[in-house]
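Each reported figure results from applying straightforward, stated rules to the coordinates on display, with no laboratory input. The structure presented is a predicted model; accordingly, all values stated were derived computationally and were not measured. A quick note on method: Cβ atoms are made from the backbone with ideal geometry, for glycine too, and the neighbour counts reach across all protein chains shown.
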């Protein structure tokens, strides 16, 4: 089984709604931070990929809300690569507080050429970098 990547974040006041809980759209911001930091750890700075003619864009996002996070909570964004396809990367990112999953997310990013913005195969150097975070297929 591949490694999980964990990134800490503290809920800021401005991320909360009038009910005092994290506004639902902000979980996508948290996921973007987690994915970008996992990428930095696995592949390097995002800009290096762009300079080499590639980018990764969100094609699909699914969030399952289980419990709210509140102002000043310390959260752990726990990310793993669920699947490395030919052109896409599927990640699972759990937003956790004290080990409890508050929001479970699944994102699919598609690799594109920065020249054409059309889908292209994942370069081997990206695939190799992400490999240590790939969760082994079940059974």
Quiz prompt | Sum of -39500 (n - 2.57) over DSSP H runs of 4+, divided by residues of the chain (222 nm, nearest 500) | solution = -6500 deg cm²/dmol
Quiz item: Using Cα atoms only, what is the angle between the long axis of helix 26-42 and the major principal axis of the chain, expressed in degrees (0 to 90) to the nearest 10?
Solution: 40 degrees
Practice problem: Mind sorting 109, 62 by how few other Cβ atoms lie within 10 Å of their own Cβ, fewest first? | Solution: 62, 109
Quiz item: Can you sort 126, 93, 21 by how many other beta carbons sit within 10 Å, fewest first?
Solution: 21, 126, 93
Self-check item: Three-way shape label, the chain, alpha-carbon gyration tensor, a/c 1.5
Solution: prolate
Quiz item: If we count other beta carbons within 10 Å of each Cβ, what is the order of 96, 31, fewest first?
Solution: 96, 31
